[in-house]
Structure formats: structure tokens, C-alpha cells
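In what follows, a single structure is set out as C-alpha cells and then discussed.
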Amino acid sequence: DMALVGAAAVEAVGHHIDAGRRVFLGVEAASVTAGVAAVTRFGRAVGYAGHEWAGHVVLTPPCDLLDMPMAQACATMERLAAVAAALTQEG
């Protein structure tokens, strides 16, 4: 869950990516715009941006997806797919 990552973990995420690995990020996105902004901000903190950053992350819902009603869970997944698509279009 991106909201739970502290400053020390940001450095560890950067090292993980520098080693050629991907990171699964739990993202709470109230809207596509908010999701893109949050993921982009986190990427900049790690040292990546735009297409370069999008290629290293897989967006996942935050930890509470199992507790959501099915309609809300589906909407969350659709929104994350839209955030991921928007990230790949960023320059």
C-alpha cells in the first residue's frame, strides 16, 4: 500500500527497481487524475518519472479490496486500469 510506505522504504523501492525488478503498488485512487498524481509523485520520490516509471510498477488495489462490496471492487479495479493506461501515456 503506497500510503504506508515511509521515507526509508522509498529508498528500498528504488534499489529494488535499479536491480531490474518490478514493484506492486497498492494505490487508493478516488479518480484517475488523483491516482496518476499519487503514483507520479511516488515515482519522483523514488527517482523515476513518466514512461520509465510506468514500466517498473504494477498497480494493485489497497489492502482492503476483500472487504469491499463487489460493485465497489470492480469500480476500483477499472479505475486502476485507467490510471495505469494514463501513466503509460505520460511523457
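Under 11 Å from a label point 7 Å along Cα→Cβ of Cys63: give me every residue in the range 1-37 with its amide N that close.
Hits in the range 1-37 for Cys63 at 11 Å: 1-5.
Tally up the carbon and sulfur contribution to the accessible surface of the chain as a whole percent, 1.4 Å probe, everything protein left in place. Could the numbers behind the result be given before it?
Working: 3140 of 5310 Å².
Of all accessible area on the chain, carbon and sulfur atoms account for 59 percent.
At a threshold of 8 angstrom on Cα-Cα distance, excluding pairs fewer than six apart, so keeping six or more, what relative contact order does the chain reach in percent?
36 percent
Can you tell me the equivalent ellipsoid semi-axes for the chain? Use √(5λ) from the Cα gyration tensor, largest first, whole Å.
Values: eigenvalues 97, 45, 22 Å².
Value: 22, 15, 10 Å, ordered largest first.
Zone of Ala34 (label point 7 Å along Cα→Cβ, backbone N under 16 Å): which residues in the range 73-87?
73, 75-84
Which part of the range 1-24 falls in the paramagnetic zone of Ala45, meaning amide N under 13 Å from the point 7 Å along Cα-to-beta-carbon?
Residues passing the 13 Å test: 1-14.
The values are calculated or read from the model by the stated rules, or taken from the named source; none is laboratory data. Keep in mind the model is a prediction, meaning the values are calculated, not measured. Please note: Cβ atoms are built from the backbone with ideal geometry, for glycine as well, and neighbour counts cover all protein chains shown. The accessibility values were calculated without ligands, DNA or RNA, using every heavy atom of the protein model including side chains. Shrake-Rupley method; radii C 1.70, N 1.55, O 1.52, S 1.80 Å.
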